[in-house]
Amino acid sequence: MEKKSIKERFDLKRIGISFAGVTGMGFFVSILILCNLGTDPCTFMNRSICARIGMTFGNWQLIVNIVMFAIVLIFKRSLIGFGTLFNMVLVGYYVDFWTWVWGKTLPESLFTEPLSRWIIFLISLIFFMFCAAVYINADTGVAPYDGVPIILAEKITGKFPKVPKTLIRICWDGAAIVAGIIFGGVPVIGIVLMALFLGPLITMVGKMIKPAS
């Protein structure tokens, strides 16, 4: 991430877009969790751990994010912005809130009957990835989970230039998946679909919003 001027850092339009993206991410993650067909690696890891230790998802995700935020703050604070704070604080609590709402308002069969479950899952997955792409392209700071592999990539490629940065990111996500499995989670198709299609969606959304920003 390039060093930004004060005007760029306090661009209210970009901050608003970032906030909207994070809000949408929390909303659709809550639905993906109920469908139980897969989420992103970070959510998979944190859901698995909080289920094992008996803590709410929002509280556990905030704790993990604070630890990762401290690492980013120490080693590359230029990655931090309003979007970083939105992501680290809000997503987990949005998920807890909307999961509670769905439990009070929607029939459980909606997320267990095969046809409706898959339809809801695929629609929610598309919208989640779109919201994530909007958030990333708003360029108001990266999530702590995303900041750590950026720092690792810079450190590793500084000593071993031939190591691809994409490989480091793959290993980072893989470590999150392994951690989730260790704590009892079962990775399913959603993680694969997100890995395949999130990148192209980020590029597409970037082309849509950047000319207008």
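The table that follows gives values for the structure above.
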| item | result |
| --- | --- |
| Long-range neighbours under 8 Å by Cβ, at least six apart or interchain, first residue within 19 Å of Arg117 (Cα to Cα) within the stretch 178-191, second surrounded by fewer than 16 Cβ atoms within 10 Å (Cβ to Cβ) | Pro187/Ile181; Val188/Asn36 |
| Every residue from the stretch 66-98 that is under 13 Å from the mean Cα position of the chain (by Cα) and without any contact (Cβ under 8 Å) to a residue 40 or more places away in the chain | Val89 |
| Residue list for the stretch 147-176, filter: at pLDDT 90 or above and under 24 Å from Val89 (Cβ atoms) | Gly147, Val148, Pro149, Ile150, Ile151, Leu152, Trp172, Ala175, Ala176 |
| Selection count, the stretch 31-46, where residues are out of contact with any Leu (no Cβ under 9 Å at 6 or more places or on another chain) and surrounded by fewer than 21 Cβ atoms within 10 Å (Cβ to Cβ) | 1 |
| Complete set of residues in the stretch 83-120 that are of a type in the set (A, V, I, L, M, F, W, C) and over 21 Å from Ala51 (Cα atoms) | Leu85, Phe86, Leu106, Leu110, Leu115, Trp118, Ile119, Ile120 |
| Condition broken by Asp146, with the remaining ones in (1) surrounded by fewer than 17 Cβ atoms within 10 Å (Cβ to Cβ); (2) assigned to a helix (DSSP H, G or I); (3) free of Cβ contacts under 8 Å to residues at least 12 places away in the same chain satisfied | (1) |
| Candidates Val72, Val64 - the one that is over 18 Å from Leu37 (Cα atoms), out of contact with any Gly (no Cβ under 6 Å at 6 or more places or on another chain) and buried (at least 18 other Cβ atoms within 10 Å of the Cβ) | Val64 |
| Test for Val95: is it among the aliphatic types (A, V, I, L, M), touching a Ser or Thr at 6+ places or on another chain (Cβ under 9 Å) and closer than 24 Å to Gly147 by Cα | yes |
| Any hit, the stretch 16-24, residues being more than 16 Å from Gly141 (Cα to Cα) and either surrounded by 19 or more Cβ atoms within 10 Å (Cβ to Cβ) or in contact with a helix residue (DSSP H, G or I) (Cβ under 9 Å, 6 or more places away or on another chain) (or both) | yes |
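Let's see how each residue does on (1) within 27 Å of Ile74 (Cα to Cα); (2) in contact with a strand residue (DSSP E or B) (Cβ under 9 Å, 6 or more places away or on another chain); (3) surrounded by fewer than 22 Cβ atoms within 10 Å (Cβ to Cβ):
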site	(1), (2), (3)
Tyr93	yes, no, yes
Trp98	no, no, yes
Glu108	no, no, yes
Glu113	no, no, yes
Ile123	no, no, yes
Gly141	yes, no, no
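The values are calculated or read from the model by the stated rules, or taken from the named source; none is laboratory data. This structure is a prediction, so every number in the text was calculated from the model and none was measured. Using ideal geometry, Cβ is built from the backbone for each residue, glycine included, and neighbour counts are taken over all protein chains shown.
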